[in-house]
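Structure record follows, encoded as structure tokens.
The values are calculated or read from the model by the stated rules, or taken from the named source; none is laboratory data. No experiment lies behind these values; they were computed from the predicted model shown. Cβ placement follows ideal geometry from the backbone for every residue including glycine, while neighbour counts extend to all protein chains displayed.
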Amino acid sequence: MENMLSSAPLPSSLPDRFILLPDQRPPASSVAVSLPVIDLSRGRDEVRRAVLDAGRELGFFQVINHGVSQQTMREMEEVCEEFFRLPAADKTALYSEDRFKRNRLFSGTIYGDRYWRDCLRLACAFPVGDTKNDWPDKPQSLREVIEKFIMPTRGVAMELLRLLSEGMGLRPDYFEGDLSGGDVVIHVNHYPPCPDPSLTLGLPPHCDRNLITLLLPGTVNGLQVVYKGEWINVDPVPNSFIVNFGRQLEIITNGMLKSIEHRAVANSALARTSVAAFIMPAADSLIGPAEEFVSKDNPPRYRPAIFGEFIR
Ligand code: OGA
Ligand code: NI
């Protein structure tokens with residue numbers, strides 16, 4: 001618990017345990033390229049094409065007019081920010097370094113890592129039902145707000161999967177059932193103001209390991225994405241979700257949809273809180289290149305694995 005950034009006064013200079021090797025630090029400058037913005041309220045043909053084009057070209061895009069209300073998004077941001085402002089005593093019981101705990105609070109300096117981040121991980125089954133009783137009971141509205149947020153957010157993800165399926169010539173419900181039937185895992189990422197963002201990162205370069213991710217980016221920038229071999233800053237449009245594909249979608253489509261590397265940089269002036277919602281396959285489902293994506297000229301590029309074992 002003493003590792004948690006949000007439970008102690010912030011240091012005035014960056015402690016050694018956060019300092020990355022020189023070749024892992026963020027470069028002094030990076031380009032801002034806007035991610036495609038897809039308006040989901042447009043005609044279905046247009047949206048289907050836009051989602052597939054953006055997915056294939058960049059693997060990262062933003063969606064607006066997605067149907068999750070501004071109020072629901074703001075309440076989610078606010079309750080998550082409020083959670084990290086709670087006194088340390090309210091958070092101690094949630095802290096755990098056990099990777100397999102479904103609901104827990106952890107920090108970016110465990111397992112020998114050096115990242116400027118605290119994270120609250122929550123697992124949501126569908127329907128949410130009793131699983132929400134395992135979530136923190138403070139702030140008082142947290143469970144209700146998360147449930148209200150996660151239901152329609154999962155709906156947006158499922159709609160994107162339907163659009164992608166149609167765009168790729170599959171039946172619209174291709175990704176329904178086991179392929180998307182696991183938990184929705186939430187990471188509430190909290191990046192406090194950092195004494196020296198040039199020496200550390202909030203999150204290391206990584207690809208998400210799930211099926212598809214929707215990110216509520218928060219009001220402060222920090223996400224960077226690899227584009228044509230360079231790191232670009234993402235400057236989200238208001239009220240958008242940032243969408244990217246996880247490794248499982250890359251594997252199922254035999255590489256047609258790619259899971260793109262991304263990371264989060266720290267910021268010296270402002271605290272940032274982002275919320276990633278990860279749609280997961282059912283733990284016991286076997287994930288490999290689907291026959292629709294494999295042919296004599298395009299042999300399987302990935303080995304099938306049980307999702308739960310892949311994650312371990
Ligand atoms: C993640 C993630 C990015 C961000 O949680 O997997 O990539 O901007 N977050 O916080
Ligand atoms: Ni990620």
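Structure notes:
- Residues that are under 21 Å from L203 (Cα atoms) and assigned to a strand (DSSP E or B) do occur in region 49-61.
- Applying the set (1) under 26 Å from N267 (Cβ atoms); (2) in contact with a strand residue (DSSP E or B) (Cβ under 6 Å, 6 or more places away or on another chain) to C194 leaves exactly one unmet item: (2).
- Listed by position, the strands (runs of 3 or more DSSP E) inside region 241-290 whose residues that are surrounded by fewer than 23 Cβ atoms within 10 Å (Cβ to Cβ) and either away from ligand 2 (no atom under 16 Å from the Cβ) or on the phi > 0 side of the Ramachandran plot (or both) number at least 2 form an empty set.
- Hits in region 129-140 (condition: in a loop (DSSP other than H, G, I, E, B) and over 22 Å from the mean Cα position of the chain (by Cα)): D137, K138, P139, Q140
- Just one residue in the set R121, R143 is of a type outside the set (S, T, N, Q), closer than 28 Å to M4 by Cβ, at pLDDT 95 or above and assigned to a helix (DSSP H, G or I); that residue is R143.
- Taking region 15-31 as the range and being charged (D, E, K, R), in a helix (DSSP H, G or I) and closer than 30 Å to L105 by Cβ as the test, the residues that pass are D16, R17.
- Within region 208-224, the set of residues being among the hydrophobic types (A, V, I, L, M, F, W, C) and within 9 Å of ligand 1 (Cβ to nearest atom) comprises L215, L223.
- Residue that is farthest from ligand 2 (Cβ to nearest atom) [pool: residues in region 97-117 that are more than 14 Å from I186 (Cβ to Cβ) and assigned to a strand (DSSP E or B)]: S107
- When residues of region 231-240 are limited to those that are among the aliphatic types (A, V, I, L, M) and assigned to a loop (DSSP other than H, G, I, E, B), the one surrounded by the most Cβ atoms within 10 Å (Cβ to Cβ): V234
- Scope region 5-36; condition without any contact (Cβ under 8 Å) to a residue 60 or more places away in the chain and either surrounded by 11 or more Cβ atoms within 10 Å (Cβ to Cβ) or of a type outside the set (G, A, S) (or both); matching residues: P9, P15, D16, L21, P22, D23, P36
- All positions within region 196-230 that are away from ligand 2 (no atom under 14 Å from the Cβ), over 12 Å from G59 (Cα atoms) and in a strand (DSSP E or B): E230
- Here region 150-195 is the region considered, the condition is being assigned to a loop (DSSP other than H, G, I, E, B) and surrounded by 22 or more Cβ atoms within 10 Å (Cβ to Cβ), and the residue that is farthest from ligand 1 (Cβ to nearest atom) is F175.
- Enumeration of residues in region 91-100 that are of a type outside the set (V, I, T) and loosely packed, with under 15 Cβ neighbours inside 10 Å: A93, E97, D98, R99, F100
- Just one of the listed residues (S12, S34) is of a type in the set (S, T, Y), within 20 Å of the chain's Cα centre (by Cα) and either within 24 Å of K91 (Cα to Cα) or assigned to a loop (DSSP other than H, G, I, E, B) (or both), namely S34.
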